[in-house]
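The values are calculated or read from the model by the stated rules, or taken from the named source; none is laboratory data. Keep in mind the model is a prediction, meaning the values are calculated, not measured. As a convention, Cβ positions derive from the backbone with ideal geometry for all residues, glycine included, and neighbour counts pool all protein chains shown. Quick note on the areas: whole protein, heavy atoms, side chains included, nothing else; ligands and nucleic acids left out. Shrake-Rupley method; radii C 1.70, N 1.55, O 1.52, S 1.80 Å.
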Amino acid sequence: MDTLKILLSLYLILAVILAQFFAAYFFSKGRTSYRKAFSVMVFCLSVYLFGYLMIINSNNLLEMIFWNQFQYLGLPFVSVLWLIVALLYTKTIYSLKTRMAILLFSVPVITFFMRLTNSWHHLFYTKWEMRQYFGYYSLYMERGFWYYVNISYTIFCLLLTVVIYFIGYLKNKVGYTKPHFFVFLFASLLPFIGIVMILFIFEDWSIDYSALIMPVSLLIISYGILKYDFLEIRTLARETIFENNFAGMLVFGPGQRIIDYNKAAEKFFEAINISLNNYPIEHILEREPKLLEIFESESSRDFSLVIDGEERFFEIDVMPLGDPDDGNTRMLKSIRDVTEDRKIQDKLKFLATTDSLSGLNNRAQFMSLARREFDWAKRNNEELSLLIMDLDNFKVINDTFGHAAGDEMIREIGNIILTSFRKTDIAGRIGGEEFAVVLKNASLKEAKKAAEKFRETVAKRKVIYDEKEISFTVSIGVAAIRDNTRDINDIEDIFKKADDALYKAKAKGRNCVAT
């Protein structure tokens, strides 16, 4: 009989060592939530098995009671952690939220404290006995009310775990082969069988069948690790490419039904108050018709949304999965937030097209826009006017007050131009102190009136630089085209007309408008 006790002890010692090894290994390797949950579960299991090892090697009732209490440092949490591993591994949930954690761990935590304080209330165990079987001593306990609450919750967690893996085995949702699910499914059935044996045949032998069966579950899982490597390379590949991708990813099955998605996709839809599930996309986005049209499209699309008061830009790329001719259409759609890229592009465009000093279009951009508007006006027989303006005596100002003062005047004239003309007009700095404005749908008379008003505004403005007031004026040349204009055939012609008018204004003594 001593041989049986020695064999059982060796069996439990090996189980504890194996459990500790897996707990340390997966905790060190764990970069995903379910790996971490798995490592904590195995650690709790090792505490439970070590407690049982000490019980069967004790010859004193008080020692047995102590080691039984030691078991409950880990035992109450094993089943719920087993369930959490299943939820995370099958992507039933993507992370353990605080509320869910409180809900799942409430009974185990209460059980821990109920067992710790059992000597005060005897709600967990009501009676203790030391019995001898086959040459070793065993601890017999009469069960109290909370024991049945805890065992019922344990059975519930294990049953739900089995159901989750069974559904995963049937649907194969997360993309692994069916043996992955079968390994976890079978390993989860064994502890459930052990619990049932404790409930119905514990009285006969006072044996903790779960403690004997749990190591077998660990061996099955370790076989799965060695055989399928599902906690290493394949999982890592999926995490890197799919789960941890910064782009939101949705896998669509037949009927535009969502069959898988990653954390980034879930976060994107949460930001617009939409919950993802395995329904067709038309059901999920039935209240967002514009967004539904984008996601139903089989081509790549760009779109923008206002999220938290900020307009954000997104790109959707579409990739067919499998053979499109097999009648079982599947697609991968990725959602990329390109807001920062757009901001950089806009900034680069601004730098490439804007004069940094005046804030107006630079010469190249102005000429490009002016040429386009001139061609449009000629083609559609519409009126168009051009103002060319020059800061009077700008060299004198530079020589008197310095180039920094001249720069301040360029900035000021740019601000005046931006606020004095219509938003549809095109303004630019085309030289050192020379500026131009294209007035759309404006006759020569209207352009001259606008130019005169602008000249008066400038004449009244003063620049304060180095505690000195600097007055300045502008000379403006105006030219226009209309339907009977014959001598203006391209943009250079109207520029020459406006330039000639500018020289005329300067010849008159500056600070005036000429046409």
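Of Val42, Val80, Val85, which residue is over 28 Å from Gln132 (Cβ atoms), at pLDDT 90 or above and open to solvent by less than 10 Å² (accessible area, probe 1.4 Å)? Quick ask: steps written out before the conclusion?
Working: Val42 fails: at pLDDT 90 or above; Val85 fails: at pLDDT 90 or above.
When all the criteria are applied, what remains is Val80.
Is it true that some residue in region 341-350 is at pLDDT 85 or above and open to solvent by less than 50 Å² (accessible area, probe 1.4 Å)?
Within region 341-350, not a single residue is at pLDDT 85 or above and open to solvent by less than 50 Å² (accessible area, probe 1.4 Å).
Could you say whether any residue in region 454-469 is within 47 Å of the chain's Cα centre (by Cα) and either of a type in the set (Gly, Ala, Ser) or open to solvent by 20 Å² or more (accessible area, probe 1.4 Å) (or both)?
First, the residues of region 454-469 that are within 47 Å of the chain's Cα centre (by Cα): none.
No, because not a single residue in region 454-469 is within 47 Å of the chain's Cα centre (by Cα) and either of a type in the set (Gly, Ala, Ser) or open to solvent by 20 Å² or more (accessible area, probe 1.4 Å) (or both).
Here's a check for you: in region 257-288, which residue that is in contact with a Phe, Trp or Tyr (Cβ under 6 Å, 6 or more places away or on another chain) and in a loop (DSSP other than H, G, I, E, B) is least open to solvent (accessible area, probe 1.4 Å)?
Asn262
Yes or no: Ala377 out of contact with any Cys (no Cβ under 7 Å at 6 or more places or on another chain), open to solvent by 70 Å² or more (accessible area, probe 1.4 Å), over 26 Å from Ala459 (Cα atoms) and of a type in the set (Gly, Ala, Ser)? Explain how you work it out, then say what you get.
Working: out of contact with any Cys (no Cβ under 7 Å at 6 or more places or on another chain): yes; open to solvent by 70 Å² or more (accessible area, probe 1.4 Å): no; over 26 Å from Ala459 (Cα atoms): yes; of a type in the set (Gly, Ala, Ser): yes.
Taking the combined requirement at face value, the residue does not satisfy it.
In this structure, does Leu332 turn out to be over 14 Å from Ile430 (Cα atoms) and surrounded by 15 or more Cβ atoms within 10 Å (Cβ to Cβ)?
Values: over 14 Å from Ile430 (Cα atoms): yes; surrounded by 15 or more Cβ atoms within 10 Å (Cβ to Cβ): yes.
Judged against the criteria, Leu332 is a match.
I'd like the residue in region 421-450 that is part of a helix (DSSP H, G or I) and not small (Gly, Ala, Ser) and, out of all such residues, is most open to solvent (accessible area, probe 1.4 Å).
In the first step, residues of region 421-450 are kept if they are part of a helix (DSSP H, G or I); the result is 444-450.
Pick out the ones that are also not small (Gly, Ala, Ser) and you get 444-446, 448-449.
Working: Leu444: 63, Lys445: 173, Glu446: 102, Lys448: 96, Lys449: 157 Å².
Looking at the filtered set, the residue picked out is Lys445.
Which members of region 384-420 meet the condition of being assigned to a loop (DSSP other than H, G, I, E, B) and surrounded by fewer than 19 Cβ atoms within 10 Å (Cβ to Cβ)? Outline the logic, then answer.
Going through region 384-420, the residues assigned to a loop (DSSP other than H, G, I, E, B) turn out to be 392-393, 402.
The answer is Asn393, Gly402.
Working only within region 250-280, note down all residues that are among the polar types (S, T, N, Q) and on the phi < 0 side of the Ramachandran plot.
Step one: of region 250-280, the residues among the polar types (S, T, N, Q) are 256, 262, 273, 275, 277-278.
Passing the criteria: Asn262, Ser275, Asn277, Asn278.
Return yes or no: is Arg363 closer than 27 Å to Tyr465 by Cβ and modelled with pLDDT of 85 or more? Give the steps one after another, and end with the answer.
Working: closer than 27 Å to Tyr465 by Cβ: yes; modelled with pLDDT of 85 or more: yes.
Spelling it out, Arg363 is indeed closer than 27 Å to Tyr465 by Cβ and modelled with pLDDT of 85 or more.
This table checks each residue for (1) acidic (Asp, Glu); (2) more than 30 Å from Asp490 (Cβ to Cβ); (3) in a helix (DSSP H, G or I).
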site: Ile335; (1), (2), (3): no, yes, no
site: Asp341; (1), (2), (3): yes, yes, yes
site: Gln345; (1), (2), (3): no, yes, yes
site: Leu357; (1), (2), (3): no, no, no
site: Arg371; (1), (2), (3): no, no, yes
site: Phe374; (1), (2), (3): no, no, yes
